[in-house]
Every structure is written in structure tokens, then in C-alpha cells.
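So the structure is just underneath, and the comments pick up after that.
Only the coordinates and a few stated rules stand behind these numbers; no lab work does. Since this is a predicted model, take the numbers as computed values, not measurements. Glycine also receives a Cβ, built like all others from the backbone with ideal geometry; neighbour counts cover every protein chain displayed.
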Amino acid sequence: DEESQFYYSVNKEDHSFQFMTRDLRRQEIIGLLPLWAEACTPERAEKLVTVLTDTSKFWRANGIPTLAADDVWYSPNVDYCCKWNGPVWLLWNYMVFQGLKNYGYDQVADQLAEKLIHAVGIQLAKNHNFWESYSPDNSVLNSPSNYIWDTIMARFFIDLAAD
């Protein structure tokens with residue numbers, strides 16, 4: 001979207017930002033994935049990184065939420081399974097991490113990795129579990145535990161060690 005300088009889901013039928021009565025222009029983590037896909041110009045990448053590192057939107061204490069924190073539907077609470085309106089999902093954060101590396105934002109990528117290591121470390125120390133998702137803003141969780149896909153954290157450590 002040229003006006004907001006962000007990528008959004010579009011209606012596959014007519015490529016508009018409308019689906020039924022809903023406006024699809026919500027700043028979600030998926031709008032940051034053009035970095036991972038190397039599908040944007042360096043100038044657009046810079047604009048995405050500006051949005052990403054805005055603490056009122058995506059740059060939260062424990063990683064990148066699925067929905068920007070300034071959205072009316074945002075909820076930092078992980079209080080049931082499969083929430084996509086705020087919680088941090090490690091695999092999606094890893095894709096953003098790789099996207100940042102693709103465009104040379106190594107320091108920002110490393111800071112993101114540290115946020116995720118912090119979030120996971122708190123839970124491992126507290127209850128010895130990996131979780132389906134993590135709160136971007138607090139350490140309270142009530143979602144399914146012991147998710148194998150959270151072993152993506154090993155890849156963060158490998159990538160950080162390679163720097």
C-alpha cells in the first residue's frame with residue numbers, strides 16, 4: 001500500500017484491501033515477510049524496518065507480535081490456543097530475522113533474536129516448557145506447551161554464533 005508504506009493481505013478475487021465488509025489493511029507480521037522473500041526494494045525495506053522497530057507497533061519486549069500493538073484488535077495475552085492478534089510465534093519471527101539479515105540489518109536482527117531468547121528463557125526457567133506462542137509484553141501464558149517447532153531457537157543460536 002503506497003499510502004501507508006506497508007504490505008497487507010489482499011482479496012484474491014479483485015486484489016483490493018476489502019474482504020466482505022472487512023478492511024484488510026491491518027499491520028500484521030505477514031506484512032514484514034517481503035524482507036524474508038527479498039521481494040522489496042532497499043528503500044521499502046528501510047520503511048518496513050522503521051515500522052518494525054516502532055515500540056508502539058511491533059518492537060515489543062519479547063519479540064514481534066502477529067498484530068501491531070496499536071491495532072484495536074491487539075491483545076498481548078496468550079490466554080488460549082492459536083491466537084493471531086498479538087502473541088509472538090517463533091517461526092514467523094525467525095522469518096523476519098532472516099529478512100533483516102537479507103537486507104543488512106544485522107544489528108536489528110540480533111536484537112530481535114535476543115528478545116526471543118529472553119522470552120523463551122523466562123519460560124524454560126519458570127516451567128521448563130517451550131510454548132506454542134509467547135506474549136509480546138508479559139510472561140503470563142495459557143497456551144499449549146511443548147511445541148517442537150520452537151526448536152527454531154537452535155537456529156537462532158547457530159546464526160548468532162556465525163556472525
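Observations, loosely collected:
- Listed peptides 83-90, 72-79 by packing density, highest first (mean Cβ within 10 Å): 83-90, 72-79
- Derived scalar couplings between HN and Hα for segment 25-32 equal 7, 10, 6, 10, 4, 4, x, 9 Hz in order, rounded to whole Hz, by the Karplus curve 6.51 cos²θ - 1.76 cosθ + 1.60 (θ = phi - 60°), x for Gly and Pro.
- Note on D1 and I158: their simple-model spin labels are 3.7 nm apart, each label 7 Å out from Cα toward Cβ.
- Applying a 4.7 Å Cβ-Cβ cutoff to the chain leaves C40 as cysteine residues with no disulfide-compatible partner.
- Of the DSSP H helices in the chain, those with a Cα length along their own long axis of 30 Å or more and a mean Kyte-Doolittle hydropathy reaching -0.5 comprise 106-127.
- Summing Cβ point charges (Lys, Arg +1; Asp, Glu -1) relative to the Cα centre of the chain gives a dipole of roughly 420 debye.
- Backbone N under 11 Å from the R25 label point (7 Å along Cα→Cβ), restricted to segment 34-59: none
- For L67, the residues whose amide H sits under 5 Å from its own are I29, G86, ignoring neighbours fewer than 5 places away on the same chain, with H placed 1.01 Å from N.
- In order along segment 63-70, phi translates into HN-Hα couplings of x, 8, x, 6, 9, 4, 5, 8 Hz, rounded to whole numbers, per the Karplus curve 6.51 cos²θ - 1.76 cosθ + 1.60 with θ = phi - 60° and x for Gly and Pro.
- Amide hydrogen neighbours beyond the local backbone of W131, cut-off 5 Å, H modeled: N146, Y147
- Take every pair of alpha-carbon atoms less than 8 Å apart whose residues are at least six positions apart; their mean separation over the length of segment 14-101 yields a relative contact order of 31 percent.
- Normalised contact order of the chain, rounded percent, pairs of Cα under 8 Å and 6 or more residues apart: 21
- Hydrodynamic radius by Kirkwood, which averages 1/r over all alpha carbon pairs of segment 1-149, in angstrom: 15.8
- Loop sites here are GluC sites (Glu not before Pro) outside DSSP states H, G, I, E and B with no more than 11 other Cβ atoms within 10 Å. The longest part of the chain free of them is 39-163.
- A simple packing score, the average count of other Cβ atoms within 10 Å per residue, orders the peptides 136-146, 57-67 as 57-67, 136-146, with the highest score first.
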